[in-house]
Amino acid sequence: MDQNRITDRLKTLRERAGYTVREFARTLGYGEKFSSYRMYETTYKKDVLPLPMVKAMVPLLSGRGEPPITPNEVWNLAGVSAGESGLVARVTPRPAPPPPKPATEALPPAGSNRIAIPEYDVITSAGPGCVPILCAPQDGLRPVEHWTLPRGYVAAFSETPDMLAIVRVAGDSMEPDYQSGDRVLVDTAHRIPSPPGVYVLWDGFGLVLKRLELIPGMEEPRRVRIMSINPAYSTYELTLDEISINGRVVGKWTWK
């Protein structure tokens, strides 16, 4: 076992604390969905675990095992150390900025032949982040900008132009098709992964941009295959009730 791999380090701490996979998954709040947790001990490819997940592990693992597991050993799974100012900054939410004043003069008037598409300051990556109303289960952010486009042009590509939103991509899991910094156009009315395509979704630990495909079969709950374009990232599966699909990607802006 390579103790440098995050999957092996997590498994070692879990076993040292005396938990089986099923016990630890239940204690973390996964219920009977053990496979959702198990992938973090088997196929997870990143160097660190999601910070909210590790934060939940600290009280469950600290002090258990022989020798007793220290909080630092657990926090290190997220790439931080207890007591560091950086940890406090990452765990403690920043105060919400005052709501921007509505710039009604900048928006096209009702009945205009132009449409204003809101951009939200969220990042579709594999890490945790603030999520606006369109990205349930959390809410709270207001648009930071509006992109004004001809309504007729947008309507030629979308049946629900008033349900479009723009978010920014981060990370490399969807390269080369989607680069970090790209703005993607999301149809928030499209919440079912059929046909297969690229979607913005909440997978339990973060807002991510992934290719989704319903797994054939009619058994309930239906399962979804969640794929990256970059081959360095593994495919994983979750049930429809384990994720929250925020919309289908229907376009993108890139700078050349």
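The values are calculated or read from the model by the stated rules, or taken from the named source; none is laboratory data. Note that the coordinates shown come from a computational prediction; the quantities given were computed from them, not determined experimentally. Quick reminder, even Gly has a Cβ in these numbers, built from the backbone with ideal geometry, and neighbours come from all protein chains shown. Areas reflect the complete protein model, heavy atoms only, side chains present, ligands, DNA and RNA absent. Shrake-Rupley method; radii C 1.70, N 1.55, O 1.52, S 1.80 Å.
Structure values in brief
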{"quantity": "Projected label distance in nm at residue 232 and residue 149, using a 7 Å step from Cα toward the beta-carbon", "calculated": "3.0"}
{"quantity": "Label-point separation in nm, residue 70 to residue 55, each point 7 Å along Cα→Cβ", "calculated": "2.3"}
{"quantity": "Added length on full extension, which subtracts the Cα-Cα distance from 0.36 nm per residue, residue 28 to residue 254", "calculated": "77.4 nm"}
{"quantity": "Mean Cβ neighbour count within 10 Å, used as a protection proxy, ranking 64-71, 17-24, 221-228 highest first", "calculated": "221-228, 17-24, 64-71"}
{"quantity": "Average Cα contact separation per residue, region 114-253, under 8 Å, 6 or more apart, as relative contact order %", "calculated": "25"}
{"quantity": "Accessible surface ranking that places the most exposed of 164, 214 first, with a 1.4 angstrom probe", "calculated": "214, 164"}
{"quantity": "Dipole axis of region 6-78 (+1 Lys, Arg; -1 Asp, Glu on Cβ), positive-most option in 42, 72, 58", "calculated": "42"}
{"quantity": "Förster radius 25 Å - calculated FRET efficiency between residue 163 and residue 239 (Cβ-Cβ, nearest 0.05)", "calculated": "0.50"}
{"quantity": "Extension reserve of the residue 214-residue 121 stretch, reckoned as 0.36 nm per residue once the Cα distance is removed", "calculated": "30.6 nm"}
{"quantity": "Given charges at beta-carbon only (K, R positive; D, E negative), |dipole| of region 114-253 in Debye", "calculated": "320"}
{"quantity": "Charge dipole magnitude, Cβ of K and R +1, D and E -1 - region 1-63, Cα centre, debye nearest 20", "calculated": "100"}
{"quantity": "Karplus (6.51, -1.76, 1.60) ³J(HN,Hα), θ = phi - 60°, over region 239-255, in Hz, Gly and Pro reported as x", "calculated": "8, 4, 7, 9, 10, 10, 7, 9, x, 9, 6, 10, x, 7, 10, 9, 9"}
{"quantity": "Amide H partners (placed H, <5 Å) of residue 147, local residues excluded", "calculated": "117, 119"}
{"quantity": "Separation of the residue 222 and residue 48 label points, Cα + 7 Å toward Cβ, nm", "calculated": "3.7"}
